[in-house]
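Novice: My questions all concern the structure below.
The values are calculated or read from the model by the stated rules, or taken from the named source; none is laboratory data. Keep in mind it's a predicted model, so treat the numbers as computed, not measured. Note that each Cβ is placed from the backbone with ideal geometry, even for glycine, and that neighbours are counted across all protein chains shown.
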C-alpha cells in the first residue's frame with residue numbers, strides 16, 4: 001500500500017475523524033438522555049433547536065482540535081500493515097514525563113466510564129420512579145440496558161482493543177482472528193448508534209416515516225402530472 005498521502009495518510013485522517021466523531025457524539029447522546037431523566041429542566045434549556053445544533057458543532061470542533069493537537073504534539077496515528085491494527089506513534093515522548101499521549105489515554109477511559117455511570121444512574125432513577133406496573137418498568141429497564149450494552153460497552157471494548165492489541169504479541173492465525181474480531185467491533189460501533197436511535201426513539205422513527213412518505217408523495221406528483229397522457 002505504501003505510505004502515500006492518498007492511500008495511507010488520507011484514509012488514516014478520515015478514520016480518525018470517524019472514530020472520534022462517533023466517540024464524542026455517543027457521549028453527547030448519553031448526556032442528552034442523562035439530563036432528560038435526571039435534570040429535565042436543564043435539558044429543556046440546553047437541548048433546544050439551536051442549542052442542539054450549537055453543541056453538535058462544538059463536538060465536531062473538538063474532534064478536529066483533538067486530531068490537530070495529536071499531530072502538533074508528535075502523536076501521529078499509524079497503521080501496522082503486517083499486523084493490521086491502528087496505533088499512535090508518539091516519537092517525541094519522554095519517559096516519566098506527562099505527554100499528550102497520556103491525556104489521550106485518560107480521555108479515552110473517562111468518556112466511556114462516564115457514559116456507563118450515567119446509564120446506571122438513569123436505570124436507578126427508572127427503577128425507583130416507575131409506578132405504572134411491573135411489565136412497563138421491566139420493559140423500560142431492558143431498553144436502557146440494551147442501549148448501555150450496545151453503545152457504551154462496545155466503545156469500551158474498542159478502546160481497550162486499540163490500547164492492548166499492539167502489546168499482545170500474538171502472531172500467526174491468532175493475530176488473524178484477533179484482527180477479524182477487532183474489525184467487527186469497529187463496524188458494530190459505526191452501525192450501532194443509528195440503529196439504537198431508530199429502535200428506541202419514537203421521534204426518530206416518526207420523523208423517518210414522514211421523510212419517506214413525503215418523498216414518495218413528491219415522486220408520485222412528479223410522475224403523475226395533470227394534462228400528461230399517452231399518444
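Novice: Mind checking whether some residue in the range 1-12 is under 19 Å from residue 107 (Cβ atoms) and either in contact (Cβ under 8 Å) with a residue 12 or more places away in the chain or part of a helix (DSSP H, G or I) (or both)? Reasoning before the result, please.
Specialist: To start, the set of residues in the range 1-12 that are under 19 Å from residue 107 (Cβ atoms) comprises none.
For the range 1-12, residues under 19 Å from residue 107 (Cβ atoms) and either in contact (Cβ under 8 Å) with a residue 12 or more places away in the chain or part of a helix (DSSP H, G or I) (or both): absent.
Novice: Answer yes or no as to whether residue 45 is in contact with a helix residue (DSSP H, G or I) (Cβ under 9 Å, 6 or more places away or on another chain) and at pLDDT 90 or above.
Specialist: Working: in contact with a helix residue (DSSP H, G or I) (Cβ under 9 Å, 6 or more places away or on another chain): yes; at pLDDT 90 or above: yes.
Yes; evaluated as a whole, the condition is true for this residue.
Novice: Consider the range 75-93. How many of its residues are surrounded by fewer than 16 Cβ atoms within 10 Å (Cβ to Cβ), in contact with a helix residue (DSSP H, G or I) (Cβ under 9 Å, 6 or more places away or on another chain) and at pLDDT 70 or above?
Specialist: Number of matching residues: 2.
Novice: Then there is this: With respect to residue 4, is the statement that it is out of contact with any strand residue (DSSP E or B) (no Cβ under 6 Å at 6 or more places or on another chain), at pLDDT below 85 and closer than 23 Å to residue 191 by Cβ true?
Specialist: no
Novice: For residue 67, state whether it is assigned to a helix (DSSP H, G or I), at pLDDT 85 or above, surrounded by 13 or more Cβ atoms within 10 Å (Cβ to Cβ) and touching a strand residue (DSSP E or B) at 6+ places or on another chain (Cβ under 9 Å).
Specialist: Details: assigned to a helix (DSSP H, G or I): yes; at pLDDT 85 or above: yes; surrounded by 13 or more Cβ atoms within 10 Å (Cβ to Cβ): yes; touching a strand residue (DSSP E or B) at 6+ places or on another chain (Cβ under 9 Å): yes.
Answer is yes for this residue.
Novice: Among the numbered criteria (1) surrounded by 13 or more Cβ atoms within 10 Å (Cβ to Cβ); (2) at pLDDT below 80; (3) in a helix (DSSP H, G or I), which one does residue 31 miss?
Specialist: Residue 31 satisfies all of (1) surrounded by 13 or more Cβ atoms within 10 Å (Cβ to Cβ); (2) at pLDDT below 80; (3) in a helix (DSSP H, G or I) except (2).
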